[in-house]
Each structure stands twice: as C-alpha cells, then as structure tokens.
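Structure record follows, encoded as structure tokens.
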Amino acid sequence: MMNISKDISFELQGDIALIKLNRASKRNALNDDLVSSIRSIFENLPGQAKVAVIHGEGEHFCAGLDLSEIKERDAPEGMLHSRSWHTALERVQYGPVPVIAALHGAVVGGGLELASACHIRVADETAFFALPEGTRGIFVGGGGSVRIPKLIGVARMTDMMMTGRVYQAADAERVGLSQYVVQAGTALEKSMELAHRIASNAPLTNYALIHALPRIAEQASDHGFLTEALMVSITQSAPEAKKRVRDFLAGKAAKVKAS
Ligand code: 1HE
C-alpha cells in the first residue's frame with residue numbers, strides 16, 4: 001500500500017506513471033516526507049506502468065533539499081538523512097521502469113540529484129541548473145557526487161559547486177545535464193511523447209538499459225563485454241524480439257529515418 005504525502009501526486013495515464021511534486025509554495029523543496037514518498041511510489045509502481053514521468057507544479061521543478069530541516073541536525077542524523085535519499089533515489093534509478101524528468105525553472109541542489117537519478121532529462125527553456133550546496137557550506141547528499149560527474153564530468157561539477165555557476169537550459173543540454181531542450185512550457189508534453197515511444201520497446205530491452213548499461217559502464221572492459229553478450233543473448237531469445245526482427249525483414253517494421 002502506498003503511503004504518500006499530500007505534497008506529491010501519482011496517477012496512471014494508460015501505461016505511463018505520472019508523478020508530480022506538488023509543493024509549489026516551497027518551490028517543491030524536498031522534505032523527509034517527500035523523499036520517503038518518492039521511495040514508496042517507486043517501490044509500489046503498478047504492474048501496468050511501463051514508463052514513469054516526474055515533473056513539478058508551479059514555476060520550478062525543485063529547489064532541492066528543504067533547508068528548514070537541516071538547522072538542528074547533528075552528524076549521525078545527517079548521515080542517516082543522506083542515506084535515506086540514497087535509498088529513495090536508488091529506487092528511481094534501479095526500479096522496474098525507465099524514468100523521465102520533465103524539467104523547468106529551478107533544477108537545483110537535491111532537485112538536480114533527483115533529476116540525475118532519472119534516465120532521461122527533458123528541460124524547457126526556463127530551466128536552470130545549479131548546485132548551491134557549495135555556497136550553503138554543505139555538500140551534495142542525495143547521490144549527486146556519484147551521478148552528476150557521470151553526466152558532466154568531475155571538473156564541471158567542481159566548478160558548479162565551487163563557484164555557484166548556474167547553467168541555463170541551452171548550455172545545460174550542451175554539457176549533458178539534460179538530453180533535450182524544448183520550448184518553455186512543453187517539457188511535460190515532450191516527456192510524454194518520449195514515454196509513449198519508450199513504452200513500445202520490448203520490456204526486456206528497457207530493463208537491460210536501466211540495469212545493465214550503467215553497470216557495464218563501471219565494469220572492467222572484459223567483464224563488460226561478457227555482461228553485454230549475456231544481455232544481448234537473453235533479449236534476443238525473447239519471442240517478442242524474434243517477432244520484431246521478422247517484421248523488419250518482411251518490410252513490416254519502421255526503418256531508421258535520417259530525421
Ligand atoms: C525553500 C527552499 C528550500 C525555496 N528549502 N525552503 N537549495 C537551495 O539552496 C535553493 C534555495 N532556493 C532558491 O534559491 C529559490 O527559492 C529558487 C531559485 C528555487 C526559487 O526562487 P523564488 O524567488 O521563486 O522563490 P523564493 O521566494 O525564494 O521561495 C519561496 C518559498 O519557498 C520561500 O518560503 P516562504 O515561507 O518565505 O514563502 C522559501 O524560503 C522557500 N524555499 N527553496 C526550504 N530549498 C540531499 S542533500 C541536497 C542538498 C541541497 O539540495 S542544498 C540546496 C538547497
């Protein structure tokens with residue numbers, strides 16, 4: 001049974017799970033309740049869901065950690081708090097389905113950590129990305145130091161945290177913080193379009209992309225080649241894959257088009 005906060009909403013639109021941060025008055029800042037709701041939603045996704053899309057209500061995707069909660073926290077509490085984010089965002093990244101983040105306005109601090117746990121980031125032109133932890137005298141605690149360098153490299157993340165550098169949407173796409181940049185107000189629409197496309201993939205291929213690809217990237221090459229061979233042999237043995245290949249050979253499936 002899902003136990004979710006009033007500050008987040010969940011609905012199933014066909015086979016797409018739509019999750020909305022719904023705390024616009026605090027710029028969707030993530031308090032403990034919201035973090036545990038994110039965990040609960042991703043642990044309890046209904047079986048019909050093939051893809052999830054996460055977005056934010058109001059002018060901003062997410063202002064990051066709710067700073068009002070850290071005032072009195074001591075070191076052991078801080079440790080457990082950070083670990084609770086790790087667990088929740090691990091459920092997002094390594095859950096059953098691909099997750100798309102539809103971004104606009106502030107994607108900062110823990111908001112960027114949440115976005116970086118998703119598989120695809122679609123930003124509209126209003127989106128801006130920053131890691132104000134550096135200037136707040138703290139550090140990333142929601143897995144950002146592990147995930148964000150994989151998107152943009154250690155040097156760019158160091159710069160963001162040391163100097164407070166803010167990336168606007170176009171530059172963010174150029175450096176790899178997002179994979180798409182779209183017109184203001186259309187990030188959700190574009191995300192839904194991509195979600196429908198992804199939902200039509202063979203489920204085992206999507207699963208391999210979520211679970212095998214990032215792990216292969218961290219394996220030594222010879223292990224990676226072996227894992228890859230296992231994945232391709234398993235995916236291609238599924239009846240669905242055989243049908244898709246037969247359809248292509250019979251001229252019944254879409255060709256790859258230049259645009
Ligand atoms: C908040 C938060 C928050 C807004 N925690 N309350 N993140 C940050 O350091 C980013 C802090 N926030 C901002 O820089 C700005 O709020 C925004 C650029 C996101 C939005 O600006 P704006 O002008 O639209 O809103 P605002 O007037 O600044 O904020 C509206 C309200 O939301 C206000 O509260 P109010 O009661 O006075 O109305 C703000 O205090 C509140 N608010 N952001 C708490 N973050 C796992 S470790 C992760 C570590 C981090 O994420 S650190 C980075 C935190």
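Scanning the stretch 60-73 for residues that are of a type in the set (D, E, K, R) and modelled with pLDDT of 90 or more returns a single hit, ASP66.
With respect to the conditions (1) part of a helix (DSSP H, G or I); (2) of a type in the set (D, E, K, R); (3) surrounded by fewer than 14 Cβ atoms within 10 Å (Cβ to Cβ); (4) at pLDDT below 95, ASP222 falls short on a single one, namely (4). Any chance the stretch 153-161 includes a residue that's not in a helix (DSSP H, G or I) and not hydrophobic (A, V, I, L, M, F, W, C)? Yes: one or more hits. The single condition from (1) of a type outside the set (D, E, K, R); (2) surrounded by fewer than 21 Cβ atoms within 10 Å (Cβ to Cβ); (3) away from the ligand (no atom under 16 Å from the Cβ) that HIS86 fails is (3). Within the stretch 93-112, being in a helix (DSSP H, G or I) and either buried (at least 24 other Cβ atoms within 10 Å of the Cβ) or over 12 Å from the mean Cα position of the chain (by Cα) (or both) holds for GLY110, GLY111, LEU112.
In the set GLY185, GLY137, GLY164, GLY144, only one residue is buried (at least 24 other Cβ atoms within 10 Å of the Cβ) and either free of Cβ contacts under 8 Å to residues at least 60 places away in the same chain or more than 16 Å from the ligand (Cβ to nearest atom) (or both); that residue is GLY144.
Here LEU131 fits the description: farther than 19 Å from PRO98 by Cα, out of contact with any Phe, Trp or Tyr (no Cβ under 9 Å at 6 or more places or on another chain) and not small (Gly, Ala, Ser). Say whether the condition of being free of Cβ contacts under 8 Å to residues at least 12 places away in the same chain and hydrophobic (A, V, I, L, M, F, W, C) is met by at least one residue in the stretch 60-77. Within the stretch 60-77, one or more residues are free of Cβ contacts under 8 Å to residues at least 12 places away in the same chain and hydrophobic (A, V, I, L, M, F, W, C). Looking only at the stretch 44-66, decide whether some residue is touching a His at 6+ places or on another chain (Cβ under 9 Å), farther than 23 Å from ALA202 by Cα, part of a helix (DSSP H, G or I) and within 11 Å of the ligand (Cβ to nearest atom). No, the stretch 44-66 contains no residue that is touching a His at 6+ places or on another chain (Cβ under 9 Å), farther than 23 Å from ALA202 by Cα, part of a helix (DSSP H, G or I) and within 11 Å of the ligand (Cβ to nearest atom). Residues that are of a type outside the set (Lys, Arg), closer than 25 Å to GLY95 by Cα and away from the ligand (no atom under 12 Å from the Cβ) within the stretch 117-134 comprise CYS118, HIS119, ILE120, VAL122, ALA123, listed in sequence order. Against the conditions (1) part of a loop (DSSP other than H, G, I, E, B); (2) of a type in the set (Ser, Thr, Tyr); (3) closer than 26 Å to PRO149 by Cβ, THR87 satisfies every one except (1).
Taking ARG244 as the residue in question, decide whether it is under 25 Å from GLN48 (Cβ atoms), basic (Lys, Arg) and surrounded by 14 or more Cβ atoms within 10 Å (Cβ to Cβ). Taking the combined requirement at face value, the residue satisfies it. Taken over the stretch 5-46, residues that are touching a Cys at 6+ places or on another chain (Cβ under 8 Å) and among the charged types (D, E, K, R) amount to 1.
The values are calculated or read from the model by the stated rules, or taken from the named source; none is laboratory data. Remember, predicted model here, so these are calculated numbers, not experimental data. FYI the Cβ positions are ideal-geometry reconstructions off the backbone, even for glycines, and counts take in every protein chain you see.
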